[in-house]
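The values are calculated or read from the model by the stated rules, or taken from the named source; none is laboratory data. Only a predicted model underlies this, so the values are computations on that prediction, with no experimental measurement involved. All Cβ positions, glycine included, derive from the backbone under ideal geometry; neighbour counts span all protein chains shown.
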Amino acid sequence: MRLADKIALITGASSGMGRAAALTFAREGATVVVTDVEDADGTAVAEEIRAHGGQAEYRRLDVTDEASWTAAVTHVLDHHGRLDVLVNNAGISGTFDPDLTSTAFYDRLLQVNARGVFLGIKHGAAAMSGRGGGSIVNLTSIAASIGQIGVHLGYAASKGAIKAMTTTASVHYAGEGIRVNAVAPGLLPPMRTSRGSTDPVWRAKQVEGVPMGRTGEVQEVADVILFLASAESSYVTGVEIQVDGGYTAQ
Ligand SMILES: NC(=O)c1ccc[n+]([C@@H]2O[C@H](COP(=O)([O-])OP(=O)(O)OC[C@H]3O[C@@H](n4cnc5c(N)ncnc54)[C@H](O)[C@@H]3O)[C@@H](O)[C@H]2O)c1
């Protein structure tokens, strides 16, 4: 029970890695506030947790909307008294957009991926400050560090922005007992919003480039998020951990 009695909010938790983190956190004793914009799937995740004896609720939280953040964090503090862990996981894919130089899509990628995490850090840290501190875990990507064919520049820019905000926020909030770290997944199951990355030929070629020779599993990312969320990483802040089978080590 590595998160016993902890209160955790996870964005984009209705599918993929956010869902895996929510189930994992609940198994480790946390009360999980599952948030997303896909209400039916998010509600199902919270129900699944409760059906297994865990504690969870679903709340709609559009990470691009500051009023939505204010409402969610106020709800957490009113009902649970504090916020111990925030996972800024929500995001949209920048892979194989029909126009890889679309300006409108650049703006959307920065809006959801980067602004969403900025607002999360802002409101999450405000809730943690003065209440015992906490842990913020941001989802970046290998695209923050390396180039890949078929990835919109805006996706790389948004993930690079999250990586930079992670280091700056870690220093800014260290004195308040708030740790801020990042997890950078490599080749994982396609995102809900992916287009061509579901193509088996593209995926097979990508897997060839992974030293471990396989795609990662969402649980393998959730386990690293858990490490950064828990007291096992109590002296770790400002780092980005690659979960990529060695992709960026080459
Ligand atoms: N899947 C991969 O290959 C991969 C690789 C590297 C990094 N990542 C990153 O990991 C994170 C999780 O990805 P995933 O694979 O689980 O994707 P996913 O699409 O399964 O999950 C992302 C969730 O974010 C939600 N979301 C989208 N816009 C939102 C908004 N405005 N407000 C709130 N929620 C919103 C979606 O509804 C979805 O449930 C993302 O930040 C992604 O960029 C994914």
Check your understanding: What do you reckon, is Gly94 crowded, with 24+ Cβ neighbours inside 10 Å, within 12 Å of the ligand (Cβ to nearest atom) and modelled with pLDDT under 95?
Key -> yes
Those residues of the range 115-139 which are part of a loop (DSSP other than H, G, I, E, B) and either surrounded by 20 or more Cβ atoms within 10 Å (Cβ to Cβ) or of a type in the set (D, E, K, R) (or both) amount to Arg131
For the range 14-27, pairs from a residue that is within 12 Å of Glu38 (Cα to Cα) to a residue that is part of a helix (DSSP H, G or I) and near the ligand (Cβ under 6 Å from one of its atoms), with Cβ under 9 Å and 6 or more apart or across chains, are none
For this session: Might you check whether a residue that is buried (at least 18 other Cβ atoms within 10 Å of the Cβ), within 13 Å of the ligand (Cβ to nearest atom) and of a type in the set (Phe, Trp, Tyr) occurs anywhere in the range 23-38?
Result: no
Counted residues in the range 24-55 being farther than 28 Å from Gln111 by Cβ and not hydroxyl-bearing (Ser, Thr, Tyr) come to 14
Just one listed residue, out of Lys159, Lys205, is buried (at least 19 other Cβ atoms within 10 Å of the Cβ), basic (Lys, Arg) and part of a helix (DSSP H, G or I), and it is Lys159
Within the range 162-194, the count of residues that are assigned to a loop (DSSP other than H, G, I, E, B) and within 12 Å of the ligand (Cβ to nearest atom) comes to 9
(message) Checking the structure you have, find out if any residue of the range 100-115 is more than 14 Å from the chain's Cα centre (by Cα), aromatic (Phe, Trp, Tyr) and under 19 Å from Gly134 (Cα atoms).
(response) no
Is it the case that Ser93 is in contact with a strand residue (DSSP E or B) (Cβ under 8 Å, 6 or more places away or on another chain) and either free of Cβ contacts under 8 Å to residues at least 60 places away in the same chain or farther than 13 Å from Ala229 by Cβ (or both)?
no
Restricting the range 134-144 to residues that are among the hydroxyl-bearing types (Ser, Thr, Tyr) and within 11 Å of the ligand (Cβ to nearest atom), the one farthest from the chain's Cα centre (by Cα) turns out to be Ser141
If we keep only residues of the range 200-246 that are acidic (Asp, Glu) and within 14 Å of the chain's Cα centre (by Cα), then the residue farthest from Arg27 (Cα to Cα) is Glu240
Within the range 208-246, residues being over 30 Å from Tyr173 (Cβ atoms) and not in a helix (DSSP H, G or I) number 10
Checked Glu57, Glu66 against criteria (more than 13 Å from the ligand (Cβ to nearest atom), in contact (Cβ under 8 Å) with a residue 12 or more places away in the chain and within 21 Å of Asp39 (Cα to Cα)); the one match is Glu57
